[in-house]
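One structure is given below, encoded as structure tokens.
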Amino acid sequence: MPICGQQGATGATGATGVTGVTGATGPQGATGATGPQGATGPTTPIGLGQSAFVEPGTTAFAIPPGVNSMIVEAWGGGGNGGDVPTPGTGTVSGGGGSGAYIRQAIAVAPGQPFAITVGDATQPSSVVSGLFNITAAAGQNGVTSTNITAQGGTGGAKSTIPNAITISGQNGDDGFRMTSTETTVYQGGAGGNAPFGGAGGKGAIGFFGNFIPPRNGQQPGGGGGGSVSGSNIGLGAPGMVIFTYVRNTGLGCC
């Protein structure tokens with residue numbers, strides 16, 4: 001029978017083995033509770049809206065929903081160029097003056113009624129609502145004369161309204177007659193240019209029995225070109241009214 005000796009001392013730990021393959025991903029945990037709703041952000045404006053009135057006459061207009069302020073712009077009608085209906089009289093004429101311009105920012109309320117009047121040639125334009133009342137003056141007609149020069153029409157006078165931008169219309173150019181040893185040249189005055197608006201019409205030219213007719217002014221508010229002996233008249237342009245506003249709701253546009 002063998003005899004067992006005492007157990008020997010434990011040997012040193014062996015080297016770590018190779019890492020095993022990663023196990024499969026466990027199931028996804030339950031969704032956490034929904035957090036509280038954040039504060040409502042500020043309302044974003046839809047953007048600029050604009051209503052333009054270009055036909056001469058009076059129109060009714062109501063402020064659209066969501067509009068609390070707007071900019072009003074108005075031009076008076078342009079003056080006509082001077083009229084020379086009879087040929088062979090040695091007559092010239094000046095150009096018509098342009099209409100005046102006015103711009104004003106105002107507070108309004110949705111549904112507020114306005115009466116808009118767009119002036120034809122030689123007529124003012126106006127915007128009225130309750131106590132609010134602005135007018136853009138019209139240009140004056142050019143003068144007809146048998147003198148060497150004929151005066152252009154005066155531009156519409158600017159308004160004196162607090163907190164508004166007001167600019168007088170431009171005067172029409174003078175017409176003139178110029179004689180040389182060979183011929184006489186007749187030059188009608190050009191119409192005045194409207195501030196931020198329409199250009200004035202060119203004046204008529206007559207020479208050697210021929211002529212180039214005058215041109216009408218351009219809308220808004222341009223003055224008509226002056227005529228010369230027997231030429232057509234250059235008409236002043238109608239004025240215009242424009243409303244520009246910012247709408248602050250999601251309602252459909254007007």
Single condition PRO162 does not satisfy, out of (1) farther than 19 Å from LEU235 by Cβ; (2) open to solvent by 70 Å² or more (accessible area, probe 1.4 Å); (3) modelled with pLDDT of 95 or more | (3)
Failed condition for TYR101, given (1) farther than 21 Å from GLY57 by Cβ; (2) of a type in the set (Phe, Trp, Tyr); (3) open to solvent by less than 70 Å² (accessible area, probe 1.4 Å) = (1)
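For residues in the range 223-254 being of a type in the set (A, V, I, L, M) and at pLDDT 80 or above, which is farthest from the chain's Cα centre (by Cα)? Can you show your working first?
Keep residues of the range 223-254 that are of a type in the set (A, V, I, L, M), which gives 228, 233, 235, 237, 240-242, 246, 251.
Now restrict to residues that are at pLDDT 80 or above: 228, 233, 235, 237, 240-242, 246.
Details: VAL228: 35, ILE233: 29, LEU235: 23, ALA237: 17, MET240: 10, VAL241: 9, ILE242: 7, VAL246: 14 Å.
Going through the qualifying residues, I end up with VAL228.
Yes/no per residue for (1) part of a loop (DSSP other than H, G, I, E, B); (2) more than 20 Å from the chain's Cα centre (by Cα); (3) within 30 Å of GLY234 (Cα to Cα):
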| site | (1), (2), (3) |
| --- | --- |
| ALA105 | no, no, no |
| THR122 | yes, yes, yes |
| SER126 | no, no, yes |
| ILE134 | no, no, yes |
| ALA138 | yes, no, yes |
| ASN141 | yes, yes, yes |
Output the residue which, of all residues in the range 122-132 that are open to solvent by 30 Å² or more (accessible area, probe 1.4 Å) and modelled with pLDDT of 95 or more, is farthest from GLY95 (Cα to Cα).
-> VAL128
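Do you know which of the residues in the range 166-179 that are surrounded by 23 or more Cβ atoms within 10 Å (Cβ to Cβ) and not acidic (Asp, Glu) is farthest from THR154 (Cα to Cα)?
Start the filter on the range 166-179 by keeping residues that are surrounded by 23 or more Cβ atoms within 10 Å (Cβ to Cβ), which leaves 169-175.
Subset that is not acidic (Asp, Glu): 169-172, 175.
Details: GLY169: 8, GLN170: 7, ASN171: 5, GLY172: 7, GLY175: 14 Å.
Across the range 166-179, the extreme among qualifying residues is GLY175.
If I filter the range 19-63 down to residues being among the β-branched types (Val, Ile, Thr) and at pLDDT 70 or above, which single residue comes out as surrounded by the fewest Cβ atoms within 10 Å (Cβ to Cβ)?
Step one: filter the range 19-63 for residues among the β-branched types (Val, Ile, Thr), giving 19, 21-22, 25, 31, 34, 40, 43-44, 46, 54, 58-59, 63.
Checking the rest, the ones that are also at pLDDT 70 or above come to 21, 25, 31, 34, 54, 58-59, 63.
Working: VAL21: 4, THR25: 6, THR31: 6, THR34: 6, VAL54: 12, THR58: 11, THR59: 13, ILE63: 21.
Going through the qualifying residues, I end up with VAL21.
The values are calculated or read from the model by the stated rules, or taken from the named source; none is laboratory data. Please read all numbers here as calculations on a predicted model, not as lab measurements. For neighbour counting, all protein chains shown are included, and Cβ atoms are generated from backbone atoms with ideal geometry for every residue, glycine included. Keep in mind that these areas ignore ligands, DNA and RNA; they rest on the heavy atoms of the full protein, side chains included. Shrake-Rupley method; radii C 1.70, N 1.55, O 1.52, S 1.80 Å.
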